[in-house]
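Taking it in order: structure first as structure tokens, then the write-up.
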Amino acid sequence: MGSRWKGKGAEVKALADPISEIVSQLQSSLISSNSKGLLSGTGVLLKADAELTDLLNRACFGRPRVTSEKNEQWFQLSTEEAFYLQHSLKCIKIVDHNDTELNGDELWKHMTSSRENFPILFKAFSHLRSKNWVVRSGSQYGV
């Protein structure tokens, strides 16, 4: 059984604009803008301009958060997404509420202390992302 694509023309579109290219563009954009994510509860908030918003949406990272500000958008990243961007792609910095940057070990400790199953979830997330799969939570479906 071959690849399955949703929607008419989706395969052509996906082959013309591969997710690996989009993620690479996102990585470059995040690095050049020196992006910082803010720890917020069980996730990370990331401020995004119009270009970054487009890349985050196309790469399927995070969920947009509605704000009253017209020129900027905030994205809520899951713990897995944030750690993947910080540790694996090395393209964002994560800061706490005091604007103190967390290194990889500190962030790992924070993530594992807030979610007991974080190591398993992150391993699955990073494995699937490395294969250019789009990984989403099933919570909106009651999973």
Give the residues of the range 78-114 that are under 13 Å from the mean Cα position of the chain (by Cα), within 15 Å of residue 36 (Cβ to Cβ) and part of a strand (DSSP E or B), sorted by residue number.
93, 94
When (1) surrounded by fewer than 16 Cβ atoms within 10 Å (Cβ to Cβ); (2) among the basic types (Lys, Arg); (3) under 16 Å from residue 22 (Cα atoms) are applied to residue 129, the one that fails is (1)
Condition check: more than 30 Å from residue 13 (Cβ to Cβ), aliphatic (A, V, I, L, M), in contact with a Gly (Cβ under 8 Å, 6 or more places away or on another chain) and touching a residue at least 24 places away in the same chain (Cβ under 8 Å). Does residue 95 satisfy that?
yes
Residue satisfying all of: in the range 115-132; among the basic types (Lys, Arg) and in a helix (DSSP H, G or I); modelled with the highest pLDDT among these:
123
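Residue by residue, here is whether (1) touching a residue at least 24 places away in the same chain (Cβ under 8 Å); (2) out of contact with any helix residue (DSSP H, G or I) (no Cβ under 7 Å at 6 or more places or on another chain); (3) surrounded by fewer than 19 Cβ atoms within 10 Å (Cβ to Cβ); (4) not in a loop (DSSP other than H, G, I, E, B) holds:
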| position | (1), (2), (3), (4) |
| --- | --- |
| 12 | no, yes, yes, yes |
| 22 | yes, no, no, yes |
| 26 | yes, no, no, yes |
| 54 | no, yes, yes, yes |
| 76 | yes, yes, yes, yes |
Test residue 104 against the stated conditions and say whether it is touching a residue at least 12 places away in the same chain (Cβ under 8 Å) and touching a His at 6+ places or on another chain (Cβ under 8 Å).
yes
Has the range 59-70 got any residue that is polar (S, T, N, Q) and exposed (fewer than 15 other Cβ atoms within 10 Å of the Cβ)?
yes
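The values are calculated or read from the model by the stated rules, or taken from the named source; none is laboratory data. In this text the structure is predicted, and so the values were computed from the model without any measurement. Because the Cβ atoms are built from the backbone with ideal geometry, glycine has one as well, and the counts that use them run over all protein chains shown.
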